[in-house]
Each structure stands twice: as C-alpha cells, then as structure tokens.
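Here is the structure we will look at, set down as structure tokens.
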Amino acid sequence: MCLGMPGSVVEPVNLLQQSVLVDVQGRQQQVSAAMLIDETTDLPQVGDWVLVHLGFAMSRMHESEAHSVLESLDQLTAMYDDEREASDHGNA
C-alpha cells in the first residue's frame, strides 16, 4: 500500500517544470506541482503544505490537517512497533 505524505514547500525549484522542493518529515525531495496549477492557482509557495505521492504534489493541505495526518501516522507506527516487539518476545 502506498500513502501520500504531507510535506511543507521549502522552495520553488524549476518554474518551467513546475517543481518545488518539499520537506516530508525531515527528508527533502523535489516534486512536481503541475497537478496543482491552473489558470486561477499558482505554484505552491514556501510554507504551503501539500500531499506528496510518488513524486507529485497531489493536493494542497491546511497546516493543521497536515499535522493531524502526521500525528496519526506516528501513532500507527508506534502501535506497529509495539505489536512487533511483543511478537518478537513471544517467539524468543
């Protein structure tokens, strides 16, 4: 299963290619923002939040929504780690 991850725009990279540099949980990556741009909407700006999936910014997000998603993913990761640790101790 693939998940889209919230990321914060760090800087515009290439206006012709419509790409931006995005920070996703401390890891920066260049993504295409072409799907977000139309005649009424510009390239995302520094500090904007976007949902990143497979190298594309799929949608814009409010900062509070992005933090909520990241918090939920952190909770799921912690639950998985706890379950895996319990399973490892049961198999020892």
(message) For region 52-72, check the following and say yes or no: at least one residue is at positive phi and surrounded by 10 or more Cβ atoms within 10 Å (Cβ to Cβ).
(response) yes
(request) Filter region 34-51 down to residues that are among the charged types (D, E, K, R) and either in a loop (DSSP other than H, G, I, E, B) or at pLDDT 95 or above (or both) and give me whichever is farthest from Asp74 (Cα to Cα). (result) Glu39
(request) Could you identify the single residue in Val31, Val20 that is out of contact with any Cys (no Cβ under 6 Å at 6 or more places or on another chain), assigned to a strand (DSSP E or B) and within 17 Å of Leu3 (Cα to Cα)? (result) Val31
(request) Could you identify the single residue in Ala34, Ala78, Ala57, Ala86 that is of a type in the set (A, V, I, L, M, F, W, C) and in contact with a strand residue (DSSP E or B) (Cβ under 6 Å, 6 or more places away or on another chain)? (result) Ala57
(message) So for region 69-91 (the condition being in a loop (DSSP other than H, G, I, E, B) and at pLDDT below 95), does at least one residue qualify?
(response) yes
(request) List every residue pair whose Cβ atoms lie under 6 Å apart, where the two residues are 6 or more positions apart in sequence or sit on different chains, the first residue falls within region 53-66 and is in contact (Cβ under 8 Å) with a residue 60 or more places away in the chain, and the second residue, located anywhere, is assigned to a strand (DSSP E or B). (result) Ala66/Pro6; Ala66/Trp49
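The values are calculated or read from the model by the stated rules, or taken from the named source; none is laboratory data. The model shown is predicted, which means the values in this text are computed figures rather than measured ones. Cβ coordinates were reconstructed from backbone atoms using ideal geometry, including for glycine residues, and neighbour counts include every protein chain displayed.
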